[in-house]
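Student: Please find one structure pasted underneath; my questions will follow.
Taken together, the values in this text are just the output of simple stated rules run on the coordinates, not laboratory data. It should be emphasised that the depicted structure is a prediction, and the values quoted were computed from it without experimental measurement. Cβ sites come from the backbone with ideal geometry, for glycine too, and all protein chains shown count toward neighbours.
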């Protein structure tokens with residue numbers, strides 16, 4: 001699972017805005033330090049577990065991280081269903097759906113609802129134990145030349161209490177290790193955090 005070197009460099013350069021890059025199966029392909037501080041330590045997860053759906057449905061801490069968990073989980077499952085193209089079989093996607101359907105009653109219920117959703121933009125309330133609840137806007141940008149990869153960027157309203165909380169949170173984490181990047185796979189590609 002790789003992103004182009006240019007995308008990986010862009011993700012790093014956008015710090016202190018939290019940014020993650022995902023593929024259509026919602027595998028997390030790249031992230032920056034701010035995203036790691038805000039959401040979860042993707043570096044600490046085995047590569048196979050770096051998937052937003054696995055994290056959202058199998059890690060109980062996400063129900064605290066997202067005070068409106070159901071409002072985040074529903075559209076995320078619907079976006080996965082929308083990314084599923086019955087004309088293009090995807091064994092990895094089918095395996096992910098099967099695993100999550102067995103492991104999480106909530107995922108199975110939402111998947112059975114057959115909703116479709118395209119990530120775009122909006123706001124999420126995110127709780128961090130160090131600063132409390134922040135309301136962050138997100139913008140989802142499709143990455144041209146990829147097979148459905150997209151970048152999610154988070155930012156608070158200018159001058160808001162959430163912007164101050166995010167700034168404080170990231171300044172406290174400033175001394176933590178920066179994003180690790182390792183060149184793997186095809187020349188010119190970069191896999192973040194592996």
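Student: Rank the residues 55, 69 as a footprinting-exposure proxy: fewest other Cβ atoms within 10 Å of their Cβ go first. Kindly include the intermediate steps, with their values, before the conclusion.
Tutor: On the way: 55 19, 69 16.
The most exposed by this proxy come first: 69, 55.
Student: Sequence gap at least 6, Cα distance under 8 Å: using those rules, report the relative contact order of region 18-132 to the nearest whole percent.
Tutor: The value is 26 percent.
Student: Quick check: residue separation of residue 108 and residue 129 times 0.36 nm, minus the Cα distance between them. What number comes out in nm? Could the numbers behind the result be given before it?
Tutor: Working: separation 21, 0.36 × 21 = 7.56 nm, distance 2.93 nm.
Full extension from residue 108 to residue 129 adds 4.6 nm.
Student: Let me ask something else. Give the relative contact order (percent, whole number) for the chain; include only Cα pairs under 8 Å separated by 6+ residues. Mind dumping the intermediate values first?
Tutor: Numbers: 307 pairs, mean separation 51.2, N = 194.
After rounding, I find 26 percent.
Student: I'm checking a number: the convex hull volume of the Cα atoms of region 99-177, normalised per residue, in Å³. What is it? If you can, show how the numbers build up before the last one.
Tutor: Details: hull volume 14.4 nm³, N = 79.
Cα convex hull per residue, to the nearest whole number: 182 Å³.
Student: Any idea what the relative contact order of region 18-75 is, in percent, if you count C-alpha pairs under 8 Å spaced at least 6 apart? Provide the component values of the computation, followed by the final result.
Tutor: On the way: 50 pairs, mean separation 13.9, N = 58.
Computed value for region 18-75: 24 percent relative contact order.
Student: Which percent of Cα pairs goes in each bin when the distances of the chain are cut into 10 angstrom slices starting at zero?
Tutor: 9, 36, 38, 16, 1
Student: Follow-up question, since we're still on this one. Run the helix sum for the chain: -39,500 (n - 2.57) per DSSP H stretch of 4+ residues, divided by residue count, reported at 222 nm to the nearest 500 deg cm²/dmol. Walk me through the intermediate numbers first.
Tutor: Values: 8 runs with 74 residues, N = 194.
Taken over the chain, the calculation gives -11000 deg cm²/dmol.
Student: Along its principal axes, what span do the Cα atoms of region 37-137 show, with the longest given first and each in whole Å?
Tutor: 45, 29, 23
Student: How many angstrom separate the Cα center of region 109-180 from the Cα center of region 1-77?
Tutor: Each part's Cα centre sits 9 Å from the other's.
Student: Same structure, new question: Work out how much length residue 116 to residue 14 would gain on full extension: take 0.36 nm times their residue separation and subtract the Cα-Cα distance, in nm to one decimal.
Tutor: Numbers: separation 102, 0.36 × 102 = 36.72 nm, distance 2.98 nm.
Full extension from residue 116 to residue 14 adds 33.7 nm.
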